[in-house]
Each structure stands twice: as C-alpha cells, then as structure tokens.
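Student: The structure follows.
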Amino acid sequence: MNIWRRTLLTVLAAMLMIGSITACSSDNKTAEGGNKDSASNTSKLRLLGPSSSNKYIKFEDREKYPVWTEVDKLLDEAGLDLDYELVPNEQYDVVIKTRMASGADLPDIVNISKLDNTTVLNLAKQGVIQDLTPLIEKYSNGNIKKMYDNEFPYAKKTTTSPDGKMYWFSNLHKKTYQEKDPAPVSLTMLVRKDWLEKLNLPVPKTAQEYLDTLKKFREQDANGNGQKDEILSYDPGLFSGAIAQWFGLGTDITAVDVEHKKVVSPWYQEGIKDYFRYMQQLVKEGVLDTSLIGAQGEQRTQKMTENQVASLSDYNLATYNEPLIKGGGEYLPLMPLKAVDSITPAAQLEPPFLVWQKYAITKDAKDVEAAIKFFDVIYSEQYADLLYWGIEGKTYEKDSNGAKVFINTGTEEEQAKSGLIAGRPLFGDTVFPRVQYANLEFELTSVPKHKADNELEVLKYKPYFVNMNNNYLAIPDDQQLERKTKILTNLTTYSTELATKLALGQKSLDDWDQYMTELKKLGLDELIEIDQQLLDRYNSIN
C-alpha cells in the first residue's frame with residue numbers, strides 16, 4: 001500500500017494533463033460506459049488503452065480499412081456499442097499507473113499490460129479489478145472457455161493467480177506446422193555462409209570445427225580488408241547464447257527443462273566447466289571480441305555494418321542481419337554442435353505458444369455481461385482470422401495445401417493508402433487483445449532455403465531448452481515473489497560477473513568449490529526450489 005500511495009502522490013499532479021490527453025483521443029460515441037440502450041438493444045462499454053504506435057496505420061482512421069468493417073460487424077452482432085479512450089503510446093505508462101492507483105472513474109475494460117503481476121494482484125485484492133472466472137461461467141457463450149481450455153490451455157496456467165482466480169485476459173499466440181504440429185523456432189549460432197563458400201570451408205559439425213572455422217576466417221582474411229578483424233559476437237556472461245546449449249546448459253541462472261518438468265541451473269550441470277574452457281579458447285585465439293561483452297546492440301550493429309561479424313547468436317530464421325552488412329553477406333544457422341562426448345548438445349527454442357499482455361474488467365463496469373460478450377468476440381476464430389490474416393483474397397490467400405499465405409500489399413505507407421491490411425497494426429495491443437494462429441509454412445516461404453531447411457530440422461530436435469522460462473512458471477505468491485526478488489538482485493550480478501571472468505580466464509576453474517559456496521550463499525538453491533514449486537503448480541493447473 002505504501003508503494004501505491006507514493007505512486008499516487010508522485011503522478012497525481014499529472015492528472016489534469018492526462019485527462020485532456022485521453023479526452024482528445026476518445027471516440028465520438030457517447031462517453032457513458034456500460035449502459036443498456038433499450039431502444040437499439042445494444043450495450044455500451046468504455047475501453048481504455050494505448051493508441052497504435054504505427055507511423056502510418058492509425059486506429060483513428062479505422063473506418064477506411066475493410067478489416068475494421070468486418071470487426072465492427074462482429075461487435076454489432078454481439079450488440080456492443082464501444083467508446084474508445086486511447087492514450088498516446090509513449091504516455092500510457094504514466095496514465096495507466098495514475099488511473100489505476102486512484103481507482104476513480106475507471107473504464108469498463110482496461111489494458112493494464114504496463115503493470116507487473118504484483119501490482120495487478122494488489123489491485124485485485126483492493127477490488128479495483130474483477131475476478132473473471134465467475135463472470136465467464138455465468139455470461140460467456142463458450143468462446144472464452146474454448147480458447148483457454150482447448151486451443152490455448154497454457155494461457156490459463158500462466159494467468160491463474162496463487163489464489164486460483166483469474167484477473168486478466170491475455171494475447172494468445174500459437175504457431176503450427178501443417179496445421180497440427182507445434183512449430184518453435186530456434187535461437188542458434190549463425191555463421192557467414194558466403195565466407196564458408198569463398199574459402200571453400202565445410203560447415204562445422206562440432207564445437208572444435210566451429211572454433212577452427214573462425215580461426216581460418218581471420219587467417220585467410222575472409223572479409224578481404226587486409227586485417228585480422230573477423231570476430232565472434234557473443235556474451236559469455238549470460239547463458240542465453242546458443243553455444244552454452246552445445247554443452248547441455250540451460251538458458252538462464254535457473255532454466256526450465258520442459259521435457260522432464262524440472263528446473264535446473266547451468267552452474268550445476270555437467271558441461272559447465274567444459275563450457276568455460278571452450279570460452280577461454282575462443283578468447284585466447286582472438287576470435288571472441290571481448291569488447292562486445294555486455295555491449296549495447298548498436299555496438300554489435302556497427303561491427304556488422306563493417307563486415308566483421310563472422311558469427312553471432314540469433315534466430316535461425318532471422319533475415320534482418322544481412323542487410324546491415326556493407327557489401328552484402330549471408331548467415332547460415334547451425335544445428336547444435338557436439339562439444340563434449342558424454343553430452344548431447346541441446347537446442348534453444350522459442351516456444352510456439354506465447355501469452356502476453358493483460359486486459360481487465362474493472363470494478364466500475366456497469367454491465368459485466370456486455371464486457372464478457374466483448375471478450376467472447378475477441379476469442380472467436382472469426383476475430384483471430386481478421387486480426388492476424390485479414391481478409392481472404394485481399395491480404396492473404398491459401399496455397400495448394402490449404403495453408404494461409406500473406407499477399408504482399410506493399411509497405412506500411414502503401415497499405416495505409418490502399419487499406420489492405422490485417423488487423424494487427426490497426427488495433428492489436430490497443431484496447432483489443434491479439435489472438436494469433438500463425439503457420440510456419442508462410443515463414444518458410446519468406447526465407448532462403450538454407451534457413452528453411454534448418455528450421456524443419458529443428459522441429460524434430462531434442463533435447464532442448466526454452467528462451468522464455470517464465471512461460472512455464474505459475475504466478476508466484478507474495479512470499480515467493482519477495483524471496484525471488486531479493487535473491488535475484490545480488491545473484492544475477494554475481495553470476496554474470498563470475499561467468500564473464502571465468503570465460504576471460506580472469507578467474508581460475510581451480511577455485512570452483514569457492515564459487516559454488518558463494519552461489520549457494522546468495523540463494524541459488526532456494527531459487528531453484530521456488531521455481532520448481534512454480535513449475536509444479538503450472539503443470540497442476542487444468
């Protein structure tokens with residue numbers, strides 16, 4: 001409560017300014033939310049959220065877009081008359097914290113994505129936002145339950161509070177291959193394909209071959225500038241770079257082994273010492289650019305632009321790196337490379353199922369049945385199609401196998417003029433959540449064959465770790481959150497510094513027991529225990 005009082009006092013002075021901002025952004029419909037219009041048999045709702053940050057495609061211009069016409073039909077069919085209170089995206093953080101802290105004059109439905117879970121649960125305890133479970137049971141036409149129970153069951157696991165209640169709806173994303181198989185993408189090591197071909201070098205199959213390849217790039221002047229400046233961009237202070245997984249390591253201080261429903265820590269895994277020995281080799285040979293350790297993205301981008309980055313960790317289907325290279329170039333994604341005889345290298349995957357953003361029904365909602373009707377519209381297949389794909393024949397078509405493929409309708413500026421867009425850039429993440437059924441087939445048509453081939457191989461690869469561990473952890477209770485926050489404050493700093501110094505050879509592996517003692521002292525074992533409890537609760541939620 002003290003935090004809330006301080007927040008309110010800090011930003012209360014901005015209320016008059018904020019009020020004028022939001023009022024100017026409101027729709028021209030009536031400002032009264034949640035009232036039944038008996039004459040037209042419609043229910044009125046007031047919705048608060050950030051405006052779209054798109055430079056060309058504006059929600060305020062929605063009437064000119066065919067996709068909005070179709071969404072508006074869905075809302076009309078549900079008997080909903082909506083009033084939109086939109087705040088400029090860059091100001092929404094302050095606005096939402098102020099409005100929710102005051103608890104006064106709240107809309108019926110509000111985008112509270114800028115608030116962390118703890119803040120939202122405090123709002124729930126204060127009665128500012130409503131428990132959705134009984135409202136869904138009483139008023140939903142079944143769409144919400146279908147989405148949360150059948151189509152996106154993982155969403156319920158990550159949005160169920162420790163008291164067993166649900167206080168917000170979320171964006172939901174599912175990516176599949178051939179309409180049934182989950183389709184994760186990988187974060188892997190990319191290596192310059194054009195340099196391999198130029199120097200007639202084979203694609204490395206082991207960690208040692210990878211190191212030898214990076215050395216040959218330097219020795220044989222792969223970029224042709226007469227200097228030994230071909231480098232590996234990699235931060236060994238973290239475990240989220242894909243080389244760590246070659247040694248069977250998790251992706252963070254604690255990491256979820258999804259297959260075995262177990263929380264692990266790289267610091268306790270078999271390959272950890274071999275990983276640091278390998279990092280020391282990369283540093284000794286001069287291929288790992290130590291100036292980029294802990295650096296900002298623009299520093300790596302500069303090296304990329306100067307045609308120096310021989311290898312880096314990134315998405316296997318990424319196509320945004322190549323255009324940065326002065327003179328051009330291509331990156332080849334590698335499959336996990338064998339590093340230790342006794343360890344099967346792991347892949348690092350981004351889960352095909354994602355949950356993010358928060359949308360709540362407030363205490364001031366006068367017609368909660370209408371509010372649930374709104375989310376029934378959102379969690380319908382018709383809305384999901386319009387939001388992600390748009391309109392068949394205008395923004396997407398189906399290939400010979402029936403898979404949806406986007407039609408190229410030009411740049412965003414051209415799309416704004418033609419109106420040929422899907423719903424995402426127009427209204428997604430504003431007051432409207434996203435529901436996305438993506439297919440991998442489309443992504444594979446938009447990347448070079450060597451990247452598509454890598455992705456198809458990744459789909460069948462095991463073992464793996466995920467890059468989003470929190471996606472598999474339930475919401476912590478107050479005590480768990482307090483302990484985790486306290487532990488991570490110092491443990492993260494120590495872990496990063498220790499890993500960096502071990503990789504650089506500034507600390508000796510001979511003192512390993514000393515490091516383990518310090519990690520335990522800082523709470524590593526307790527953190528693993530708490531995260532295992534959260535993983536177990538996640539897996540127990542039906």
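Student: Probe 1.4 Å, all protein chains in place: accessible area of residue 485 in Å², nearest 10?
Tutor: 80 Å²
Student: Of the DSSP beta bridges with both residues in the chain, give the percent that are antiparallel, rounding to the nearest 5.
Tutor: The antiparallel fraction comes to roughly 55 percent.
Student: Right, here's the next one. Classify the stretch 373-484 as rounded, prolate or oblate, taking a ≥ b ≥ c as the square roots of the eigenvalues of its Cα gyration tensor: rounded when a/c is under 1.5, otherwise prolate if a/b is larger than b/c and oblate if not.
Tutor: Since a/c reaches 1.5 but b/c is at least a/b, the shape of the stretch 373-484 is classed as oblate.
Student: Rank these residues by their accessible area, most exposed first, probe 1.4 Å: 374, 442.
Tutor: 442, 374
Student: Compute the semi-axes of the equivalent ellipsoid of the stretch 500-542, taking the square root of 5 times each eigenvalue of the Cα gyration tensor, and list them largest first in whole Å.
Tutor: Over the Cα atoms of the stretch 500-542, the ellipsoid semi-axes are 32, 12, 6 Å.
Student: Skipping prolines and chain starts, which residues have an amide H placed within reach, meaning under 5 Å, of the one on residue 185, given they are 5 or more residues away or on another chain?
Tutor: Long-range HN contacts for residue 185: 350.
Student: So how far, in whole Å, is the C-alpha centre of the stretch 319-336 from the one of the stretch 79-144?
Tutor: If you average the Cα positions of each part, the centres end up 42 Å apart.
Student: OK, next. Apply the Kirkwood formula to the stretch 186-332: the hydrodynamic radius equals the inverse of the mean of 1/r over all pairs of different alpha-carbon atoms; give it in Å with one decimal.
Tutor: Taking every pair of different Cα atoms in the stretch 186-332, averaging 1/r and inverting gives 15.9 Å.
Student: On the full set of protein chains, 1.4 Å probe, figure out the accessible area of residue 300 and give it in Å² to the nearest 10.
Tutor: 80 Å²
Student: Of the GluC sites (Glu not before Pro) in the stretch 223-297, which ones lie in a loop per DSSP and count no more than 16 other C-beta atoms within 10 Å?
Tutor: The qualifying sites are 259, 270, 285.
Student: For the chain, just run the numbers: alpha carbon Rg, then divide by 2.2 N^0.38 Å, N being how many residues it has. Don't jump to the answer; show the numbers that get you there.
Tutor: Numbers: Rg = 25.6 Å, N = 542, 2.2 N^0.38 = 24.1 Å.
This ratio for the chain stands at 1.06.
Student: Got a sec? What order do 151, 85, 330, 457 fall in by accessible area at 1.4 Å, biggest, i.e. largest, first?
Tutor: These residues rank, largest area first, as 457, 330, 151, 85.
Student: So if I place +1 on the C-beta of Lys and Arg and -1 on the C-beta of Asp and Glu, and nothing else carries charge, what would the dipole magnitude of the stretch 396-508 be about its Cα centre? I want it in debye, nearest 20.
Tutor: For this selection, approximately 460 debye.
Student: Still on this structure, please answer the following. Ignoring everything but the protein chains, give the 1.4 Å probe accessible area of residue 441 in square angstrom, nearest 10.
Tutor: 40 Å²
Student: If you don't mind, there's one more thing I want to ask. Per DSSP H run of at least 4 residues, take -39500 (n - 2.57); add these up for the chain, divide by its residues and hand me the 222 nm value, nearest 500 deg cm²/dmol.
Tutor: So the helix-based figure for the chain works out to -11500 deg cm²/dmol.
Student: Under 18 Å Cα to Cα from residue 198, which lysines show up? Leave out anything in the same chain fewer than 8 places away.
Tutor: Cα-Cα hits under 18 Å: 215, 216, 228, 326.
Student: With +1 on each Lys and Arg Cβ and -1 on each Asp and Glu Cβ, and nothing else charged, work out how big the dipole of the chain is about its Cα centre, in Debye to the nearest 20. Walk me through the numbers before you get to the answer.
Tutor: On the way: 63 positive and 79 negative charges, 116 e Å.
Rounded to the nearest 20 debye, it is 560 debye.
Student: Could you work out how far the C-alpha centroid of the stretch 166-223 sits from that of the stretch 457-527, in angstrom?
Tutor: Using only Cα atoms, the two centres lie 24 Å from each other.
Student: For the chain, which whole-number percentage of the solvent-accessible area (1.4 Å probe, protein heavy atoms only) is attributable to carbon and sulfur atoms?
Tutor: Here carbon and sulfur together make up 48 percent of the probe-accessible area.
The values are calculated or read from the model by the stated rules, or taken from the named source; none is laboratory data. As the structure is a prediction and not an experimental result, all values here were calculated from the model. Using ideal geometry, Cβ is built from the backbone for each residue, glycine included, and neighbour counts are taken over all protein chains shown. The area values use the complete protein model at the heavy-atom level, side chains included, leaving out ligands, DNA and RNA. Shrake-Rupley method; radii C 1.70, N 1.55, O 1.52, S 1.80 Å.
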